[in-house]
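Written out below as structure tokens is the structure these notes cover.
The values are calculated or read from the model by the stated rules, or taken from the named source; none is laboratory data. From a predicted model like this one, the values you see are computed outputs, not experimental measurements. Neighbour counts are summed over all protein chains in view; Cβ atoms, including those assigned to glycine, are modelled from backbone coordinates with ideal geometry. In case anyone asks, the SASA skips ligands and DNA or RNA and just uses the protein heavy atoms, side chains included. Shrake-Rupley method; radii C 1.70, N 1.55, O 1.52, S 1.80 Å.
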Amino acid sequence: MTDNLATGGGPGAGRRHAWRLVMLAALLHGLAYFLLLPAWMGEDEPWHVEYAHHVANGHGTWGGEAMRFGDRELMSLSQLQIRRKVGGLEGEEIRNTQEALLDSMREHGFWARVDWAPWPVGAQTLDQVVEAHTAAHQPPLYYLVGGGLLRLLRIDEVEGQMWFLRGMSLAAYLAVVAATFGLARRACSDPWITLACALFVAWWPMHARQAGLANNDVLVKVFSAWSLLLAVDMARSGITTRALAIAAALCACGLATKTTGAAALAPVALACLWRGGRRAQRLRPGRRVLLVGAILALAAAALAFWGGTDNPAVPRTVGNIRMRLDTAASPEFRAEFSRTFLGAFNWYTRELPAAVQSVVLGLLALAGLGLGAVFLRAREGIERGTLAFCAVMVVAQSALVALRGVAAGRYLMPALPALGILVVIGLLGPLPERQRPRAAGLLVAALFLFDGIFLWSALLWNQYALWGA
């Protein structure tokens, strides 16, 4: 296989050639979603653009004005929430921004594609799309980066700002695919499995769809993916000051982007305790404890910050934690989470056919069985230590989803590179090496078919043809 991938060099040239092909394919695939997804058809997209718009106009993500008695008579709740977070905002500027967003949504047939939002002609505030909703409670990094670039490039109109932020999402999507390719190479020396892992993440429909949406989920995925890759490298080759500093910076950026970035701390902490690498064995127990303590301190600081900014992802009481965990254990939660992870669109009001969902879930279950076999018995070319790091990442991310108590599949996406590697190795790893190329080809063909069904259902049919938009 290496020779087939190579362009005349050795194994290294083959890997580079394969990497270029994967990234080119991912770019074209991401562009398909970027170009086909109608404006404002990403979940919560108007509120993300609203927040970034105010930052682009020179306002900070701090110093807002607290709500006062009687304010509800002057402004809607979403407007009051953005004023409470963003400093220097006046009511007129907030209202004008929301009216500009609504005008663009009307122009692009938003209400023809989303049939649950009332009053399409007369809507004057975003509360008349989703009541009391806002992005103002989100950590600020995505909006500081996006808004800062918008200000630098002098993009003023909200629709142009949306398209620029979508371009950022496309770049983030490619960065996650690149990290997956590197992580897969560390998990398995078989180039067929490496390619299949990268293509799995690139072609997972709900991940590719995020390449065409303005949202902060895309940025936190980048920080989580690359911090996991660094954690694996530290466990394999030893902890250096430079690697640890970069990993800590990536984790901190993830925490400053969204609460779903917290799961990346788990594999980094595991790397500090890992005894697999030669240089890692030389770390004294006291230093290991100190490093893990620093990671816990970073998590505590993030938790305090989120709590102080009224982030709804943070449970306030023990009773609230229990209620969220009870919700996450319910069959309804599992069904909704599965639906939105496999494929839901039109602001989650439409979904893939039940038969397609059942087939994909069956393959994921089969991958789980195969992964258990790989962990129990070593397979040629598969590094089980790296798989352990991937498993820790998936478990930690799943725990965050349960603690959030909201069944949204995108909350698992920061762990998608880890999950993709576990799934692909679970399906291909137990096979004899000579059978893996054909099986990898079948898996990739199945992914393309799955994505093709999603593209037809989600974009061409549900968001263009069916609603006459």
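State all residues of region 233-248 that are open to solvent by 30 Å² or more (accessible area, probe 1.4 Å), outside any loop (DSSP other than H, G, I, E, B) and either under 26 Å from TYR143 (Cβ atoms) or free of Cβ contacts under 8 Å to residues at least 60 places away in the same chain (or both); if no residue qualifies, say none. So that I can check it myself, show each step before the final result.
Within region 233-248, the subset open to solvent by 30 Å² or more (accessible area, probe 1.4 Å) is 233, 236-237, 240-242, 244-246, 248.
Now drop any that are not outside any loop (DSSP other than H, G, I, E, B), which leaves 233, 236-237, 241-242, 244-246, 248.
Once the filter is applied, which keeps residues that are open to solvent by 30 Å² or more (accessible area, probe 1.4 Å), outside any loop (DSSP other than H, G, I, E, B) and either under 26 Å from TYR143 (Cβ atoms) or free of Cβ contacts under 8 Å to residues at least 60 places away in the same chain (or both), region 233-248 yields ASP233, SER237, THR241, ARG242, LEU244, ALA245, ILE246, ALA248.
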Review point. Conditions: (1) touching a residue at least 60 places away in the same chain (Cβ under 8 Å); (2) open to solvent by less than 40 Å² (accessible area, probe 1.4 Å). GLY372 meets all but one. Number of the miss?
Key: (1)
**Study point:** Close pairs (6 angstrom Cβ cut-off, 6 or more residues apart or separate chains): assigned by TED's automatic domain parsing to the domain that holds ALA202 and assigned to a helix (DSSP H, G or I) in region 445-467, aromatic (Phe, Trp, Tyr) and modelled with pLDDT of 90 or more anywhere
**Key:** LEU447/TRP203; ASP451/TRP203
Check your understanding: Of the numbered conditions (1) open to solvent by 10 Å² or more (accessible area, probe 1.4 Å); (2) within 21 Å of CYS390 (Cα to Cα), ALA202 satisfies every one except a single condition; which is it?
Key -> (1)
Review point. Any chance region 419-426 includes a residue that's part of a loop (DSSP other than H, G, I, E, B) and crowded, with 22+ Cβ neighbours inside 10 Å?
Key: no
**Study point:** The listed residue being in contact (Cβ under 8 Å) with a residue 12 or more places away in the chain, within 20 Å of TRP347 (Cα to Cα) and assigned to a loop (DSSP other than H, G, I, E, B), out of ALA112, ALA135
**Key:** ALA135
Check your understanding: If we scan region 91-101, do we find a residue that is buried (at least 19 other Cβ atoms within 10 Å of the Cβ), on the phi < 0 side of the Ramachandran plot and assigned to a loop (DSSP other than H, G, I, E, B)?
Key -> no
Study note, to complete from the structure: A careful count of residues in region 339-382 that are touching a helix residue (DSSP H, G or I) at 6+ places or on another chain (Cβ under 7 Å) and hydroxyl-bearing (Ser, Thr, Tyr) gives 2
Review point. Quick one: is ALA402 open to solvent by less than 40 Å² (accessible area, probe 1.4 Å), in contact with an Asp or Glu (Cβ under 9 Å, 6 or more places away or on another chain), assigned to a helix (DSSP H, G or I) and under 26 Å from TYR173 (Cα atoms)?
Key: no
Revision key, fill the gap. Heads up, the helices (runs of 4 or more DSSP H) in region 249-365 (entirely inside) with at least 1 residues that are touching a residue at least 12 places away in the same chain (Cβ under 8 Å), among the polar types (S, T, N, Q) and open to solvent by 50 Å² or more (accessible area, probe 1.4 Å) are 318-328
Review point. Any idea how many residues of region 31-63 are at pLDDT below 95, assigned to a helix (DSSP H, G or I) and small (Gly, Ala, Ser)?
Key: 1
Review point. Taking ALA25, is it among the small types (Gly, Ala, Ser) and farther than 30 Å from PHE450 by Cα?
Key: no
